[in-house]
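For reference, the structure discussed in these notes is given below.
The values are calculated or read from the model by the stated rules, or taken from the named source; none is laboratory data. Just so you know, these numbers come straight off a predicted model, no measurement behind them. So basically every Cβ, Gly included, is an ideal-geometry build from the backbone, and we count neighbours across all protein chains shown. To get the accessible areas, we keep the full protein, side chains included, count just its heavy atoms, and leave off ligands, DNA and RNA. Shrake-Rupley method; radii C 1.70, N 1.55, O 1.52, S 1.80 Å.
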Amino acid sequence: MKQKPALYPDDFPLGRRFGMLMRLYFGALTKKLEQLDVDRHYSVLILIEHSEGNCSQQYLSDILKIDKTSMVRMIDYLVAKKYIRRSINPNDRRAHQIQLTDKAKRDLPRIHKAINELNVKTTNGLSSRKLKQFYEDLDTLTENLTNEPRHTIIMNFEKAKSVTRK
């Protein structure tokens, strides 16, 4: 069986490959969920949902590996869209607790469905063994870079207003 030629040379930056995949993935996900009031930060909603009522901005920043300023912007966006509420932690007045609103709880099943459908489509052609290995490899890549010295990079996940692609 003839192997498909590589799209990019071996020395092409891995981060660029992931960046292109990320734009394609989130563009498709945003299209699937365009009927919702939010057009980004679905992963934040899922993490809050899985935190069992014990979620803070610091927890979200740590798990998503983003700076506090970016996290505050994300939280502000979701609060403005009425998907989460933020309250002062009574045990530590410097910290905020984050909870989902009923609106978010109503929309999360649609978000999960869209993500699951897109994940299946994206990983089409990978056996369950390869897919399991892929996710393990992604975790390894993340762990390998976690303590690497780096600059803070801010990525904006807003849907383009003037460009429409089909």
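Of the residues Gly19, Gly27, the single one that is more than 13 Å from Met74 (Cα to Cα), under 13 Å from the mean Cα position of the chain (by Cα) and open to solvent by less than 30 Å² (accessible area, probe 1.4 Å) is Gly19. Considering the range 50-65, the residues that are out of contact with any helix residue (DSSP H, G or I) (no Cβ under 6 Å at 6 or more places or on another chain) and closer than 20 Å to Asp102 by Cβ include one that is most open to solvent (accessible area, probe 1.4 Å), namely Glu52.
Candidates in the range 1-59 are the residues that are over 21 Å from Lys121 (Cα atoms) and among the small types (Gly, Ala, Ser); of these, the one that is modelled with the lowest pLDDT is Gly53. Checked against the criterion of being under 27 Å from Leu145 (Cβ atoms), of a type in the set (D, E, K, R), in contact with a helix residue (DSSP H, G or I) (Cβ under 6 Å, 6 or more places away or on another chain) and open to solvent by 80 Å² or more (accessible area, probe 1.4 Å), the candidates Lys82, Lys68, Lys132 yield just one match: Lys68. Within the range 54-82, residues that are closer than 18 Å to Ala104 by Cβ sit with their Cβ atoms under 8 Å from residues that are in a helix (DSSP H, G or I) and open to solvent by 80 Å² or more (accessible area, probe 1.4 Å), at 6+ positions apart or across chains, in these pairs: Gln57/Lys68.
Close contacts from the range 139-150, counting a first residue that is farther than 16 Å from Ile66 by Cβ and a second that is of a type in the set (A, V, I, L, M, F, W, C) and open to solvent by less than 100 Å² (accessible area, probe 1.4 Å), with Cβ to Cβ under 8 Å and a gap of 6+ residues or different chains, come to Leu141/Leu14.
Could you tell me whether Ser43 is closer than 17 Å to Glu117 by Cα, polar (S, T, N, Q), open to solvent by less than 80 Å² (accessible area, probe 1.4 Å) and free of Cβ contacts under 8 Å to residues at least 60 places away in the same chain? It is true that Ser43 is closer than 17 Å to Glu117 by Cα, polar (S, T, N, Q), open to solvent by less than 80 Å² (accessible area, probe 1.4 Å) and free of Cβ contacts under 8 Å to residues at least 60 places away in the same chain. Looking across the range 86-109, the residues that are of a type in the set (D, E, K, R), open to solvent by 70 Å² or more (accessible area, probe 1.4 Å) and either at pLDDT 95 or above or closer than 18 Å to Leu33 by Cα (or both) come down to Asp102, Lys105, Arg106.
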